[in-house]
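Student: Once you've had a glance at the structure underneath, I'll fire off some questions.
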Amino acid sequence: MQHIHLPFGGALWQLSSSPCCPVLRSRHSLSTLPFYSITLWIILGVLMCPCCVQCLIFKVGILGPWNCDPYYAKSLPAIASRLAVGRINEDFSLDLGCTMDFVILQEACETSKALTSFVQYENMVDAFVGPTNPGYCNAAALMGKNWDKSIFSWACINYELDRVQGYPTFARTLPSPTRVLFSVLRFFSLANIAIVSSNEDIWIDTAAKLASALRSQGLPVGIVVSMGNNDTMLEDTLLSIQNAGKIKVIIMCMHSALIGGEQQKSFLMKAYDMGLTKGQYVFIPYDTLLYSLPYTNTTYFPLQNNTKLRKAYDAVLTITIESDLMSFNEAYNMAKRFGELMVSQEPEQVSPLFGTIYNSLYLLAKSMHNARRAGKWFSGSNLASFTRNITFSGFNQNIRMDAQGNGQTDYVILDTDGWGSELYRCFYVKLSLDKVLFAGTYIHFPAGSPPPSDSSCWFDPNAICTGGVEITYVIISFVMALIMVLGSIGLTLFIRRRIQQIQLIKGPNRILLTLEDLTFINPQLSKRKITLEDLCDSKSYIEEKSTGERSRSVNSMATATHETSNVAVYEGDWVWLKKFKEGHFKEVKQSTTKIFTKMKDLRNENVNPFLGFFTDCEMFAIVTEHCSRGSLHDLLRNEDVKLDWMFKSSLLLDLIKGMKYLHHREFPHGRLKSHNCVVDGRFVLKITDYGYSEILETQKAPKETPPPEDLFWTAPELLRDPESPRKGTYKADVYSFAIILQEVVVRGTPYCMLGLSPEEIIRKVKKPPPMCRPTVAPDQAPLECIQLMKQCWSEQPDRRPPFDQIFDQVSNKNISDNTERMCHVNTVNTASRMESTGLPYRIHVNISTVNILRSLNDGYKIEVRGKTELKGKGIEETYWLVGKSNFTKPLPKPPEIKPGDNWQDMMTEEIKSLFRKANRQVDKPKI
């Protein structure tokens, strides 16, 4: 305490450090005259009054590495101290008997130099707030004892400092960090610890002291290491932790990345790169234990601007002082708003250690108040002892000290949500209750749960723990885990089954269809037995359906029901129904719906898509797309269709690609034959009837003996085994492909060249030798194709190549080339679009046709028609071919078409009339 010297009559008044009254000491004897005696007593009375008592100054030294560590400097120690001292001196509830003042004392970042500088501060202050370096806390506390000056520190760790007999002038301004960590680790049953520090002396000493304190509590601290100065050393540090085996918790003694700590940022990002942040470790920053980190509605820019750091921080549990009054940012802004802080820095630019400095000074002032009220001197030991049973409102939280002077301030455990840049309060650490309480938000562990727990004996002071796990804990954990797993599986299966049941009958991807979903149409149309009049009707039907007149279009067709037709309209498109025989189905089993879902997921150009399963009116059928060209079997028998080798190879390549896709999806066909290969309007082959046999198998439908001619495509090993699976095998599908290949090559039925009955053929195939196979002449197909066919129908299934190999052989041997086919498809698309956008009695041509006609120089007359959109080509100029020079035959006059006229109906009626007239001419008896 500094004293004000008042000269009077040669006497020197020196004010003592007594909180009660000054002590008068004189060099010269005073006169004994009554006047001087009266004057002396008057002056004494004035000095004893409160206004003069305030002339006493109690100076506090704020000790820290403020100049050498930029992160400590961000706590603005001078500003925080000025705010605290200003409020203390104006607080009428505090009876200090003096004025508090402060001075900022610099602490070197090297521990040895810090201790040297501390010795020099003996006569500068009356008390210390500090030190911040735990490395010389013991020495500083002993010096404080010798000087009888109090040491109020938030950073000292050593548990020995709590012994009043050895360190009577030392007081903690915060709860012991070891005590807080022990409570949290005990709650999560995590005992095996590694401590990593940055490279500064202050943090290296912090790590060493923390390890010693935790070991004194019985916890196994396995590794204490600094992170090194480069990336290689950092990686070695993390590898040593990884190789240690039992480590569950990594405590980081360094500046927090949330306040800009670059070393912690590098440490966490390297741990992320090495895969150590996936949940096997819990990372705990140490320095956040020393201040109140804001978390309510607070976004941390280091996390927001760095995706890798944000992901790594998901493995971090942040323990900090609870902000039960208001957040640090709010308290800081309020002080600025009231003019108490004349600074330009925003709260996000200031370290929350600002509040810790403030609270330490206020705790010292409260201790002085208690000592003065007790009539005690402001000695170091008195001030340290009078910290007991103190409660006050700190900077932004309540500060509580118990009867032993131990801090009881609440802490919180904060965590991110795994993807954001905010922290959420998950648990309270109630030191007064010695409990950790749930705060309403669950911790988001990267692996979904904390690391495996350690034995509880580590946290029992009366037990000697060797690291084993208690059998009771193992049994309880196993039973609980089993119950949770079984419950989760049961709940998951129940929810999944309910979702599947709903998806089967509702939504755009529903599978089970009824009469409400399908409109059955004339089966003659589906079989392509169409007369000219039927064609006009069907065209009219499709056009009217597209404009919403569906009911009238259906009535215009021949009456069709689900019993008489296999063709229906579903969502505007024609579909084909593959019906099951009566007795195969009574109800759809759960296992069958799984096959439906698997079939629904198949998507390939050469696999006819499964659209649903019809189940209504006691009829069951697979619903697939309707292919207008019929089956491959029908196409091969149709003599009106010219099939050159290029066309055949294109169809075969489609078949190979479709089967390759099915086998990749682990879906053997089991019924592959030319009847089950359909061709659409673009002459693209698609495989159908897949899954049919598997559905029969799951429904336990009775097996039926098919006619011999239906067994031509069945592999011999399946013919010999009556118990063979209905769904077939991959090798059997390859055999079936070989028989289809024979059909395509010779354009005939299987074995047509042998002249044997179906029964005899099946008998020979089933029981060789000799091996019975179709005979194909070498001139009917390329040699490579015939060799491939023989490989595929090999008697030994293992010698049959898979479809991947078949596809490679076909591609490499140039058996198939899609160029001509693509040209054909392009021609079909162009002609279709030209026809659909034309007008009656008009010849609609495009620019390429015009160029050809003009090159002939035959006098063709062309008129510009206008812009027309052509599929795959965009918008092109098109033309009318209206005549030819010297062409004298009369041409039909195009009718006048007004905007809005339905000229399609007009032409349909005209064509019908001409067709009926032609029929009457045919029906007339010949003379």
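The values are calculated or read from the model by the stated rules, or taken from the named source; none is laboratory data. This structure is a prediction, so every number in the text was calculated from the model and none was measured. Every residue, glycine as well, gets a Cβ built from its backbone with ideal geometry; the counts of neighbours run over all protein chains shown.
Student: Any idea which residue in segment 605-637 is surrounded by the most Cβ atoms within 10 Å (Cβ to Cβ), counting only those that are over 27 Å from E582 (Cα atoms) and modelled with pLDDT under 90?
Tutor: Ranking the qualifying residues of segment 605-637, first place goes to R629.
Student: Follow-up. Being in a loop (DSSP other than H, G, I, E, B), within 20 Å of the chain's Cα centre (by Cα) and either at positive phi or without any contact (Cβ under 8 Å) to a residue 40 or more places away in the chain (or both), is that true of even one residue in segment 308-324?
Tutor: no
Student: Looking at S816, is it assigned by TED's automatic domain parsing to the domain that holds M771 and at pLDDT below 85?
Tutor: On the way: assigned by TED's automatic domain parsing to the domain that holds M771: yes; at pLDDT below 85: yes.
The answer is yes for S816.
Student: Let me ask something additional. Of the numbered conditions (1) over 30 Å from V679 (Cβ atoms); (2) at pLDDT 55 or above, K873 satisfies every one except a single condition; which is it?
Tutor: If we test K873 against (1) over 30 Å from V679 (Cβ atoms); (2) at pLDDT 55 or above, just (1) comes out false.
Student: Can you tell me how many residues within segment 681-712 are surrounded by 14 or more Cβ atoms within 10 Å (Cβ to Cβ) and either hydrophobic (A, V, I, L, M, F, W, C) or within 25 Å of K598 (Cβ to Cβ) (or both)?
Tutor: So the count comes out to 20.
Student: From the list E694, E709, pick out the single residue that is closer than 23 Å to S794 by Cα and charged (D, E, K, R).
Tutor: When all the criteria are applied, what remains is E709.
Student: Residue by residue through segment 215-237, note down the ones that are within 24 Å of K308 (Cβ to Cβ) and surrounded by 23 or more Cβ atoms within 10 Å (Cβ to Cβ).
Tutor: Within segment 215-237, just M227 meets the criteria.
Student: Within segment 795-813, which residues are modelled with pLDDT of 90 or more, under 50 Å from the mean Cα position of the chain (by Cα) and either over 16 Å from F737 (Cβ atoms) or not in a helix (DSSP H, G or I) (or both)?
Tutor: Once the filter is applied, which keeps residues that are modelled with pLDDT of 90 or more, under 50 Å from the mean Cα position of the chain (by Cα) and either over 16 Å from F737 (Cβ atoms) or not in a helix (DSSP H, G or I) (or both), segment 795-813 yields Q796, D798, R800, P801, P802.
Student: Another question, then. How many residues does segment 612-628 hold that are more than 41 Å from the chain's Cα centre (by Cα) and closer than 17 Å to K673 by Cβ?
Tutor: Of the residues in segment 612-628, 1 are more than 41 Å from the chain's Cα centre (by Cα) and closer than 17 Å to K673 by Cβ.
Student: Residue pairs, Cβ under 7 Å, 6 or more apart or interchain, first in segment 123-137 and surrounded by fewer than 24 Cβ atoms within 10 Å (Cβ to Cβ), second among the small types (G, A, S) and part of a helix (DSSP H, G or I). List them.
Tutor: Note: pairs meeting the criteria are Y136/A114.
Student: Can I ask one more? I'm trying to understand the selection: among the residues of segment 763-785, which are part of a helix (DSSP H, G or I) and crowded, with 17+ Cβ neighbours inside 10 Å?
Tutor: As a first pass, look at segment 763-785 and keep what is part of a helix (DSSP H, G or I): 763-766, 778-780, 783-785.
Within segment 763-785, K764, V765, C785 meet the criteria.
Student: If you check H675 against the conditions, is it closer than 17 Å to F737 by Cα, in contact with a strand residue (DSSP E or B) (Cβ under 6 Å, 6 or more places away or on another chain) and assigned by TED's automatic domain parsing to the domain that holds E784?
Tutor: Spelling it out, H675 is indeed closer than 17 Å to F737 by Cα, in contact with a strand residue (DSSP E or B) (Cβ under 6 Å, 6 or more places away or on another chain) and assigned by TED's automatic domain parsing to the domain that holds E784.
Student: Just need a number here: residues in segment 328-365 that are surrounded by fewer than 21 Cβ atoms within 10 Å (Cβ to Cβ), at negative phi and not aliphatic (A, V, I, L, M).
Tutor: Number of matching residues: 13.
Student: Let me ask another. So for segment 170-184 (the condition being part of a helix (DSSP H, G or I), charged (D, E, K, R) and touching a Gly at 6+ places or on another chain (Cβ under 8 Å)), does at least one residue qualify?
Tutor: No, because not a single residue in segment 170-184 is part of a helix (DSSP H, G or I), charged (D, E, K, R) and touching a Gly at 6+ places or on another chain (Cβ under 8 Å).
Student: Here's something else I'd like to know. Which residues, counting only those in segment 187-200, are surrounded by 20 or more Cβ atoms within 10 Å (Cβ to Cβ) and over 35 Å from the mean Cα position of the chain (by Cα)?
Tutor: Within segment 187-200, E200 is the sole residue that qualifies.
Student: Condition first: in a loop (DSSP other than H, G, I, E, B) and within 30 Å of E346 (Cβ to Cβ). Now tell me which residues in segment 240-261 satisfy that.
Tutor: Correct list: M254, H255, S256, G260, G261.
Student: Can you name the residue in segment 221-239 that is assigned to a loop (DSSP other than H, G, I, E, B) and touching a helix residue (DSSP H, G or I) at 6+ places or on another chain (Cβ under 7 Å) and is also nearest to H255 (Cα to Cα) among such residues?
Tutor: M227
Student: Separate question: Restricting to segment 371-396, what's the tally of residues that are part of a helix (DSSP H, G or I) and surrounded by fewer than 19 Cβ atoms within 10 Å (Cβ to Cβ)? Don't jump to the end; show me each part of the working.
Tutor: At the first step, the residues of segment 371-396 found to be part of a helix (DSSP H, G or I) are 371-373, 380-385.
Subset that is surrounded by fewer than 19 Cβ atoms within 10 Å (Cβ to Cβ): 373.
Final tally of qualifying residues: 1.
Student: Something else: Among the residues of segment 222-251, count how many are free of Cβ contacts under 8 Å to residues at least 24 places away in the same chain and under 18 Å from A211 (Cα atoms).
Tutor: 1
Student: Of (1) closer than 14 Å to L238 by Cα; (2) part of a helix (DSSP H, G or I); (3) without any contact (Cβ under 8 Å) to a residue 60 or more places away in the chain, F267 satisfies all except one. Which?
Tutor: (3) is the only condition that F267 fails.
Student: Taking the condition of being of a type outside the set (V, I, T), surrounded by 11 or more Cβ atoms within 10 Å (Cβ to Cβ) and at pLDDT 85 or above, how many residues in segment 566-584 meet it? Before you say what the answer is, go through the steps one by one.
Tutor: Quick first cut of segment 566-584, residues of a type outside the set (V, I, T) only: 566, 568, 570-574, 576-584.
So of that shortlist, the ones also surrounded by 11 or more Cβ atoms within 10 Å (Cβ to Cβ) come out as 566, 568, 570, 574, 576-581, 584.
Those still in the list that are at pLDDT 85 or above too: 566, 568, 570, 574, 576-580.
Final tally of qualifying residues: 9.
Student: Only one of K209, K278, K246 is among the charged types (D, E, K, R) and surrounded by 22 or more Cβ atoms within 10 Å (Cβ to Cβ). Can you tell me which?
Tutor: K209
Student: How many residues does segment 397-421 contain that are assigned to a strand (DSSP E or B) and buried (at least 17 other Cβ atoms within 10 Å of the Cβ)?
Tutor: Total meeting the criteria: 9.
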